[in-house]
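Taking it in order: structure first as structure tokens, then the write-up.
The values are calculated or read from the model by the stated rules, or taken from the named source; none is laboratory data. Since this is a predicted model, take the numbers as computed values, not measurements. Ideal geometry is used to build each Cβ from the backbone, glycine not excepted, and the neighbour counts take in all protein chains shown. Note: accessible area is taken over every heavy atom of the protein model, side chains too, but ligands, DNA and RNA are not part of it. Shrake-Rupley method; radii C 1.70, N 1.55, O 1.52, S 1.80 Å.
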Amino acid sequence: MLDLEPAAVRLRALVPDATGRLTAPTPCAGTSVGDLLDHIMTLALAFRYAADKTDTEIVRQPPPEPSVSRLDPSWPSLLPERLDALVAAWREPAAWEGTTWAGGQNFPAAEAGAVALDELVLHGWDLAKALGRGYQVDPASAEAVHAFASAVPDDPEARAGLFGPVVPVPADAPLFDRALGLAGRNPAWTPPDREG
């Protein structure tokens, strides 16, 4: 069992800063803060249902293309609630047993839990960077994300819809920076208005 709470707490802390920055760019090419928040809102709900094995359309379908146009206007209060529910759902030992549906796929529940943590950590970092905030990841989450990203081949077909191309990162870089590179992110990314 992995603990999703540290990543969820970091993500929740960014909500107040994001409210007036929905059009700001993120490290995910072509994705604004508002688009990213729409995606996080969807994944928080979908992976909660994956944890408690609720068979519903949101887990049976691939995630929709993120769009700020779909972002629930009450997201600043709704997202923290969804994150809390997600953490609570994956605290149940039964969540990690058997198989479950998420993102239109049926796979081992333990793998779904790892994906949920990966999504929280990486998108927490994406959001923090977009807002010009620091992001400190706990060692257990960094190790889990690195392990997950390391298992994805450096092949466009295998990475489609999951990660962009691998970004080279020095072998002696911190573990989380290496995980970011494997997940198609440049650890040194800064918002365009902060470059230089």
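Could you calculate the contour length gain from Tyr135 to Thr99, that is, 0.36 nm times the residue separation minus the distance between their Cα atoms, to one decimal place in nm?
Values: separation 36, 0.36 × 36 = 12.96 nm, distance 3.23 nm.
Fully extending the segment from Tyr135 to Thr99 adds 9.7 nm.
Summarising the amide proton neighbourhood of Thr99: residues at separation of 5 or more, or on other chains, whose placed amide H is nearer than 5 Å comprise Ala109.
Both radii come from the Cα set of the stretch 2-48: Rg as radius of gyration, Rh as Kirkwood radius; their ratio Rg/Rh reads 0.99.
Rounded if a/c is under 1.5, else prolate if a/b beats b/c, else oblate: with a ≥ b ≥ c from the C-alpha gyration tensor eigenvalues square-rooted, which is the stretch 11-79? Note, shape of the stretch 11-79 comes out prolate.
Give me the percent of the accessible area of the chain that comes from carbon and sulfur atoms, probe 1.4 Å, all protein chains in place. It is 54 percent, rounded to a whole number. Taken over the chain, the alpha-carbon convex hull comes to 115 cubic angstrom per residue.
Derived scalar couplings between HN and Hα for the stretch 182-191 equal 5, 8, x, 10, 8, x, 8, 4, 9, x Hz in order, rounded to whole Hz, by the Karplus curve 6.51 cos²θ - 1.76 cosθ + 1.60 (θ = phi - 60°), x for Gly and Pro.
Computed over the chain, the per-residue total of -39500 (n - 2.57) for DSSP H runs of n ≥ 4 gives a 222 nm mean residue ellipticity of -15000 deg cm²/dmol, rounded to 500. Among 6-16, 105-115, 38-48, the peptide with the highest mean count of other Cβ atoms within 10 Å heads the list, and the full ranking is 38-48, 6-16, 105-115.
Taking 2.2 N^0.38 Å as the expected size of a compact globular protein, what ratio does the Cα radius of gyration of the stretch 59-110 give against it, to two decimals? Walk me through the numbers on the way to the answer.
Details: Rg = 13.7 Å, N = 52, 2.2 N^0.38 = 9.9 Å.
Computed over Cα atoms of the stretch 59-110, the ratio equals 1.38.
Length, then width, then depth: along the principal axes, the Cα atoms of the stretch 27-133 run 39, 25, 25 Å. Here the Karplus curve 6.51 cos²θ - 1.76 cosθ + 1.60, taken at θ = phi - 60°, turns the phi angles of the stretch 34-43 into couplings of x, 4, 4, 4, 4, 5, 5, 4, 5, 5 Hz, with x standing for Gly and Pro. The overall shape of the stretch 116-157, judged from the alpha-carbon gyration tensor, is oblate: a/c is not under 1.5, and a/b is no greater than b/c.
May I ask you to give the solvent-accessible area per residue for the stretch 125-178, in square angstrom, as obtained with a 1.4 angstrom probe? Walk me through the numbers on the way to the answer.
Working: 2960 Å² over 54 residues.
Computed with neighbouring chains in place, this is 55 Å² per residue.
Does the stretch 81-164 come out rounded, prolate or oblate, given a ≥ b ≥ c as the square roots of the eigenvalues of its C-alpha gyration tensor, rounded meaning a/c under 1.5 and, failing that, prolate meaning a/b above b/c? Judged from the Cα gyration tensor, the stretch 81-164 comes out oblate (a/c at least 1.5, b/c at or above a/b).
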